[in-house]
Amino acid sequence: MSYPYTRPRRMRRDEFSRRLMRETVLTANDLIYPVFVHELNGRAAVGSMPGIERLSIDELLRVAEQASELRVPALALFPVTAPDAKSLTAEDAWREDGLCQRAVRALKQHFPELGVITDVALDPYTTHGQDGLIDDSGYVMNDETVEALVKQALSHAVAGADVVAPSDMMDGRIGRIREALELEGHIHTRILAYSAKYASSFYGPFRDAVGSAGALGKGNKYTYQMDPANSDEAMREIALDLDEGADMIMVKPGMPYLDIVRRAKDEFGAPTFVYQVSGEYAMLRAAIQNGWLDERGCVLEALTSIKRAGADGVLTYFALDAARWLREAK
């Protein structure tokens, strides 16, 4: 029936009716907090990500306490490897007493109910800043890198990680990691596959935070991360990872790729996560600090839009703030 008998604005007139027909509801359950862990004492600010700090393990535990109190389900760990621990072969990535492994053990000891997700990739550990091992020409080798990633993932599982998250985009790594986890008895360790990770220009502040920007220099990751122009390719990548044993899939970055999120959820129906990456955070934070945007309104709108597109959860540097705002709104 047409106007005036049909007036969509009737349902938007009052808060109670807006709430009753709200299709997407963001809660703390949808949030994962990415954290940077370093070997130094205390905290160190990340210049290109105002408000974000690198944390020592004791400071990480304080942040974990906040996350637990706010009912944020999980933390995602990203280590800041000391320069003298980096090498061409990245063997520090799977050391039993490595930074990431120690951080996992500390978190599971003090906060056993808090989910711990670990990044499986070699770029924090390589002297060249690439996500894998390179040959004499500088090309990132696939199969040799996968073998290193399997060692890294197993070391995280042994330390107690609930979820290992391969973010490297090597071919076949999900299947090899799943096989190794099963053979070693880690049958409950989940795999969050960065299945559609694009070679994006939005990663710059993250690389500053983990200390890989200088090592990478003018290099790029075009030979293994996806072309931002492609959509069908992402569906093929996701299908492969799910077939190889991934429990969850990731689309990265977030807002510039919401069409990919929607396609992934519609086509596969698998648990789908999105990383609102460092560049997205930095843009919002800069505009907020300049008074150009309302912090609470814009952050919650951005996160809601990601969930509306089909995401089951969002890795976001705003996780603790958002969880606090959502609690206050109740």
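A few comments on the model shown:
- Debye, to nearest 20: dipole size of the chain, +1 on Lys, Arg Cβ, -1 on Asp, Glu Cβ: 1920 debye
- Two-decimal ratio, the chain, of alpha-carbon radius of gyration to 2.2 N^0.38 Å: 1.01
- Shape summary: the stretch 171-330 maps onto an equivalent ellipsoid whose semi-axes, from the alpha-carbon gyration tensor, are 28, 20, 16 Å in decreasing order.
- FRET efficiency estimate (nearest 0.05) - Cβ-Cβ, Phe268 to Val158, R0 25 angstrom: 0.25
- The alpha-carbon atoms of the stretch 76-146 define a convex hull whose volume equals 88 cubic angstrom per residue.
- Approximate spin-label separation Asp135-Arg18, in nm, with each point projected 7 Å along Cα-to-Cβ: 5.9 nm
- Partner lysines for Lys218 [C-alpha distance under 25 Å; skip if fewer than 8 residues away on the same chain]: Lys86, Lys197, Lys252
- Where a label projected 7 Å from the Cα of Glu328 along Cα→Cβ would reach, residues of the stretch 24-58 with amide N under 16 Å: 28
- Note on Leu40 and Ser87: the extension gain reaches 15.0 nm, defined as 0.36 nm multiplied by sequence separation minus the Cα-Cα distance.
- Cα-based helix-to-principal-axis angle, 295-308 vs the chain, degrees rounded to 10: 80 degrees
- Taking 0.36 nm per residue of separation and subtracting the Cα-Cα distance, full extension of the segment from Thr223 to Ala287 would add 19.7 nm.
- The stretch 288-330: chymotrypsin sites (Phe, Trp or Tyr not before Pro) falling in loop per DSSP and having at most 12 other Cβ within 10 Å: Trp292
- Around Met235: net Lys/Arg minus Asp/Glu count, Cβ-Cβ under 12 Å: -3
- Spatially proximal aspartates and glutamates relative to Lys307 (Cα-Cα < 13 Å; intrachain offsets below 8 disregarded): Glu23, Asp30, Asp259
- Packing here is the average count of other Cβ atoms within 10 Å per residue, and on that basis the peptides 172-185, 254-267, highest first, run 254-267, 172-185.
- A Cα-only calculation for the stretch 209-290 places Rg and Dmax at 15.1, 46 Å.
- Whether the stretch 37-182 is rounded, prolate or oblate, judged on the alpha carbon gyration tensor where a/c under 1.5 counts as rounded: oblate
- For the pair Arg308 and Leu61 in one chain, pulling the backbone fully straight at 0.36 nm per residue adds 85.7 nm over the alpha carbon distance.
- Debye log10 I(q)/I(0) at q = 0.19 Å⁻¹ for the stretch 98-209, Cα point scatterers: -1.04
- Directionally averaged projected area (convex hull, Cα atoms, the stretch 1-120), nm²: 12.7 nm²
- Surface share of carbon and sulfur [accessible, 1.4 angstrom probe, percent] for the chain: 51 percent
- Relative contact order (percent, whole number), the chain, Cα cutoff 8 Å, 6+ residue spacing: 18 percent
The values are calculated or read from the model by the stated rules, or taken from the named source; none is laboratory data. This is a predicted model, so every value here is computed, not measured. For neighbour counting, all protein chains shown are included, and Cβ atoms are generated from backbone atoms with ideal geometry for every residue, glycine included. Only protein heavy atoms, including side chains, enter the accessible area calculation; ligands, DNA and RNA are left aside. Shrake-Rupley method; radii C 1.70, N 1.55, O 1.52, S 1.80 Å.
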